[in-house]
Amino acid sequence: MGSRGKPKRSSAQVAVIAGAIAATVGAGGYGAYSLMSSSDTASGENRPAPVKTGPPSAVEVRAIARDFLDAWAAGASDRAAALTDDREAAATALTGYRKEAHVAKVSLRAGTPTGTTVPFRVSAEISYEGKRATWTYESELGVVREKKTGKALVGWRPTVVHPDLHSGDTLKTGRSEAPPIKAVDRHGAALTEKEHPALREVLSSLRERYGEEAGGTAGVELWIARADKARADSGSRAQADGKDAERPDETLKVLSEGRPGTLRTTLDSELQTVTEKAAGKRPKAAAAVLDPDTGEILAAANSPARGFNTAFQGSFAPGSTMKVISSALLIDKDLAAYGKPHPCPKYVTYGGWKFQNDDKFEIKRGTFEQSFARSCNTAFISQAEKLDDDDLTKEARDVFGIGLTWETGVPSFDGAVPVQTGAPKAASLIGQGGVRMNPLTMASVASTVRSGAFHQPYIVAPSVDKRQLAKSSRPLSADTAKQLRSLMRLTATSGTAAEAMAGLDGKLGAKTGSAEVDGQKKPNGWFTAYRNGLAAAAIVPGGGHGGSSAGPLVAQILRSAD
């Protein structure tokens with residue numbers, strides 16, 4: 001989003017000012033040392049005072065916080081920045097706070113410190129083109145000790161200025177580039193952040209992309225202009241674990257209302273409420289719900305509600321839920337089939353790695369459906385030597401649409417199944433290695449099994465902006481689709497998903513997953529399932545077994561169809 005209001009001070013100007021301050025302080029410090037040195041020499045001593053170490057004392061914390069907040073409130077950005085451990089970044093942010101956010105006055109009141117952390121309350125007056133507004137919020141700062149000098153300083157973070165700021169983000173006040181929208185669900189019911197807090201980022205993204213198409217007019221606002229956005233028409237894609245994913249610009253204060261345009265979405269407000277309540281039962285969780293026959297996104301939720309949009313943009317190893325795609329590949333290659341014998345030993349070694357099953361179980365003289373229903377890892381690893389390195393990648397892309405560019409209408413990470421060799425290739429068959437998914441992509445996998453073909457998920461009809469939806473190159477074969485449905489039904493009725501799916505009837509199927517993460521005590525819990533006209537998936541980071549962590553969330557969502 002382009003800047004609004006007066007241009008901020010250039011980095012060159014900030015560097016000059018910061019350098020001038022450094023020179024002045026440096027000269028003063030040298031003079032003081034010279035006098036002291038003369039005195040010390042006369043007494044036979046010539047040693048500088050020792051540099052302080054250890055955490056800042058309570059007295060230092062209160063003093064530096066007071067001086068910093070006083071300088072900020074007075075508009076002395078450079079003086080305040082000199083009291084931090086990153087003068088340049090602090091000076092840029094605090095100068096922009098006045099010039100680009102158009103804060104005319106600011107009052108900062110410190111609270112009671114907790115250790116080296118000092119909370120404070122901000123009351124700012126924004127003034128832009130004759131329009132004024134009072135803006136209040138809470139923030140905090142941390143006091144650190146600089147190793148070289150031993151001075152107590154404010155540890156600079158963007159969150160000092162505002163708790164929702166990330167590195168490179170800026171605060172701006174002006175005419176909003178995106179007119180406001182009135183987002184409505186598939187039945188015309190209004191969708192608001194107040195009613196559905198888990199839709200916060202989704203609603204911001206919808207406004208940013210469809211504000212003009214919806215026909216609204218812009219107002220005057222204070223907003224966070226995000227720095228981490230690649231402004232392609234379709235939105236940027238998440239990278240790695242989602243840290244580099246796009247975050248929408250966020251309105252913080254409205255000075256004058258614009259006129260909103262109405263935007264119809266595919267969401268169902270009642271199902272959205274159910275999904276938010278289900279996800280909210282866990283401190284960390286995310287879920288997505290689709291219509292298997294169309295790909296329409298019916299609901300999505302994250303916990304915490306104000307956190308990252310994990311449901312659409314998360315990037316995690318999917319664990320054994322990946323075995324749905326791996327099974328399709330093995331069936332298509334005539335390497336496995338429902339009702340046929342299939343090995344499930346305790347251990348299998350491939351590519352120098354030794355793989356095992358949960359609790360080192362084995363199934364003697366078992367069948368493929370038994371291995372799938374009990375989530376036997378070795379049953380899949382044992383087939384790796386019979387597959388080409390790119391077979392799983394092709395199956396995921398050509399049949400399930402994973403790896404294509406999805407045009408959902410909001411930023412999304414659309415899954416990754418990279419070509420791998422050796423042990424990582426085998427690990428990919430059980431959802432580890434380089435495979436990455438999120439609840440949206442795994443709900444789509446279940447949808448593909450339920451309907452027999454991939455339908456790209458979307459939250460706004462493509463007719464609104466004439467975008468093209470991604471299409472797979474081939475549907476599931478009739479025989480493969482039938483076998484996958486049988487495998488997932490068995491898992492839902494008598495396998496690892498049975499406890500969570502108990503009491504549900506109709507056309508149903510499920511798959512559990514647990515994905516190990518280095519340095520994490522418990523694995524991430526996964527669950528993907530469908531029932532009649534709904535398909536859903538959820539992840540509970542650090543939740544342990546998918547059947548007992550993510551399973552109840554998905555089952556609660558599917559049960560709501562009654």
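General observations
- Within region 494-519, being in contact with a helix residue (DSSP H, G or I) (Cβ under 7 Å, 6 or more places away or on another chain) and among the β-branched types (V, I, T) holds for T496, T512.
- Residue match in region 239-251 (condition: modelled with pLDDT of 90 or more, in contact with a strand residue (DSSP E or B) (Cβ under 6 Å, 6 or more places away or on another chain) and not in a loop (DSSP other than H, G, I, E, B)): no
- Selection within region 144-163 - more than 18 Å from D78 (Cα to Cα), in contact with a Pro (Cβ under 9 Å, 6 or more places away or on another chain) and of a type outside the set (G, A, S): V144, R145
- Whichever residue in region 370-406 is in contact with a Pro (Cβ under 7 Å, 6 or more places away or on another chain) and not β-branched (V, I, T) and, among such residues, is nearest to T480 (Cα to Cα): A379
- When E100 is tested against (1) in contact (Cβ under 8 Å) with a residue 24 or more places away in the chain; (2) surrounded by 17 or more Cβ atoms within 10 Å (Cβ to Cβ); (3) touching a Phe, Trp or Tyr at 6+ places or on another chain (Cβ under 7 Å), only condition (3) is not met.
- Among the helices (runs of 4 or more DSSP H) confined to region 440-549, the ones with at least 1 residues that are in contact with a Leu (Cβ under 6 Å, 6 or more places away or on another chain) are located at 478-494.
The rows are residues; the columns are (1) outside any loop (DSSP other than H, G, I, E, B); (2) buried (at least 22 other Cβ atoms within 10 Å of the Cβ).
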{"residue": "L271", "(1), (2)": "yes, no"}
{"residue": "A286", "(1), (2)": "yes, yes"}
{"residue": "A336", "(1), (2)": "no, yes"}
{"residue": "K354", "(1), (2)": "yes, no"}
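- Put simply, of R485, R467, R489 the only residue that is of a type outside the set (S, T, N, Q) and under 17 Å from S320 (Cβ atoms) is R489.
- Failed item in (1) within 27 Å of C376 (Cβ to Cβ); (2) surrounded by fewer than 23 Cβ atoms within 10 Å (Cβ to Cβ); (3) not aromatic (F, W, Y), with V417 passing the rest: (2)
- Residue in region 130-150 that is assigned to a loop (DSSP other than H, G, I, E, B) and touching an Asp or Glu at 6+ places or on another chain (Cβ under 9 Å) present: yes
- Some residue of region 148-167 being in contact with a Gly (Cβ under 9 Å, 6 or more places away or on another chain), touching a residue at least 40 places away in the same chain (Cβ under 8 Å), among the basic types (K, R) and over 30 Å from E257 (Cα atoms): no
- Output for region 521-546, where each listed residue is of a type in the set (G, A, S) and closer than 14 Å to M488 by Cα: A529, A535, A536, A537
The values are calculated or read from the model by the stated rules, or taken from the named source; none is laboratory data. None of these values were measured; they are calculated from a predicted model. All Cβ positions, even for glycine, are placed from backbone atoms using ideal geometry, and neighbour counts span all protein chains on display.
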